[in-house]
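The values are calculated or read from the model by the stated rules, or taken from the named source; none is laboratory data. These figures come from a predicted structure and were not determined experimentally. Cβ coordinates were reconstructed from backbone atoms using ideal geometry, including for glycine residues, and neighbour counts include every protein chain displayed. We work out accessible area using only protein heavy atoms, side chains counted, and drop any ligands, DNA or RNA first. Shrake-Rupley method; radii C 1.70, N 1.55, O 1.52, S 1.80 Å.
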Amino acid sequence: MRKYVIMGVQGSGKGTQAKLLASDLDLVHISVGDIYRWHVQYHTKIGAQVRRAMTAGELVDDALTESVVHDRLALHDWSYGFVLDGFPRNRRQAEFFMERYDVDAVIHLDLPDSEVRRRVLARRLCAGCGLDYNLIEHRPAKEGRCDACGGELVSREDDTEEALAVRLADYHRLTDPVLELFRAKEQVVTVDARPAKAAIQRTIRDHLNLPQRRRAT
Ligand code: ADP
Ligand code: ZN
């Protein structure tokens, strides 16, 4: 059983690294942002509650987020472990989490703010299949269209200059302290998030003494 929390500022590649880690180790990738985006897309009751905060780049209510994470982990579909992405993001959530769960390590992807703006504003998502693009590194063959399904490439609703400024300021004010709390209790592995995806994944696995991926990505 392997249990990890992955943390990092917006655009640090948390989701990408979590997926790479989870896929061949049979871990479940649990992304709070993805769960909320799913609710917004399918117009659920939770979707209606979180939409305004998400669009503005603000954190969703703690009690709701804690129950979402609690219910998700209570499914126990993670017999080989999980990579939790996007939680905890403030002191209260960290206390909630640490009282109930323990993890093998916290993976911290480190990226300077200047690089965050450049990356996040170039981020695109396929409206059809959800594949990620980045107009800097991963350009589609045909502008504005998904290589896999031909769907339209759109920006995430919260990837605007204004929402990003809010998220970045919140991150440093609220989420930086979480890392300090974790440092007192868990192993925290800090990895430079600037190199290529595959190199970052190799570094993470080196630090965690995990087998390397069989094929390069
Ligand atoms: P990012 O890391 O770029 O902010 P995420 O996909 O992790 O993107 O989260 C998107 C949005 O979902 C956040 O801006 C916030 O509104 C909501 N959210 C995600 N995780 C949490 C959390 N732990 N607590 C409150 N809101 C959250
Ligand atoms: Zn697509």
Please work out which residue is farthest from residue 110 (Cα to Cα), limiting yourself to segment 141-188 and to residues that are part of a loop (DSSP other than H, G, I, E, B), within 12 Å of ligand 1 (Cβ to nearest atom) and open to solvent by less than 50 Å² (accessible area, probe 1.4 Å). 158
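Regarding residue 112, is this residue closer than 17 Å to residue 171 by Cα, under 18 Å from the mean Cα position of the chain (by Cα) and surrounded by fewer than 19 Cβ atoms within 10 Å (Cβ to Cβ)?
yes
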Would you be able to say whether some residue in segment 79-87 is within 16 Å of the chain's Cα centre (by Cα) and without any contact (Cβ under 8 Å) to a residue 60 or more places away in the chain? no
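Return the total of residues in segment 200-217 being open to solvent by 30 Å² or more (accessible area, probe 1.4 Å) and not in a loop (DSSP other than H, G, I, E, B).
The number of residues fulfilling the criteria is 4.
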Condition set in contact (Cβ under 8 Å) with a residue 60 or more places away in the chain and within 16 Å of ligand 2 (Cβ to nearest atom), scope segment 116-146, selection nearest to residue 163 (Cα to Cα): answer is 123
Odd one out for residue 102, checked against (1) in contact with a Lys or Arg (Cβ under 7 Å, 6 or more places away or on another chain); (2) closer than 28 Å to residue 202 by Cβ: (1)
Restrict the check to segment 151-162 and report whether at least one residue is within 30 Å of residue 206 (Cα to Cα) and in contact with a Gly (Cβ under 8 Å, 6 or more places away or on another chain). no
From the set of residues in segment 42-66 that are within 18 Å of the chain's Cα centre (by Cα) and among the polar types (S, T, N, Q), which is nearest to ligand 2 (Cβ to nearest atom)? 55
Restricting segment 33-52 to residues that are more than 11 Å from ligand 1 (Cβ to nearest atom) and among the small types (Gly, Ala, Ser), the one least open to solvent (accessible area, probe 1.4 Å) turns out to be 47
Working only within segment 53-78, note down all residues that are surrounded by fewer than 16 Cβ atoms within 10 Å (Cβ to Cβ), in contact (Cβ under 8 Å) with a residue 12 or more places away in the chain and in a helix (DSSP H, G or I). 55, 56, 62, 64, 70
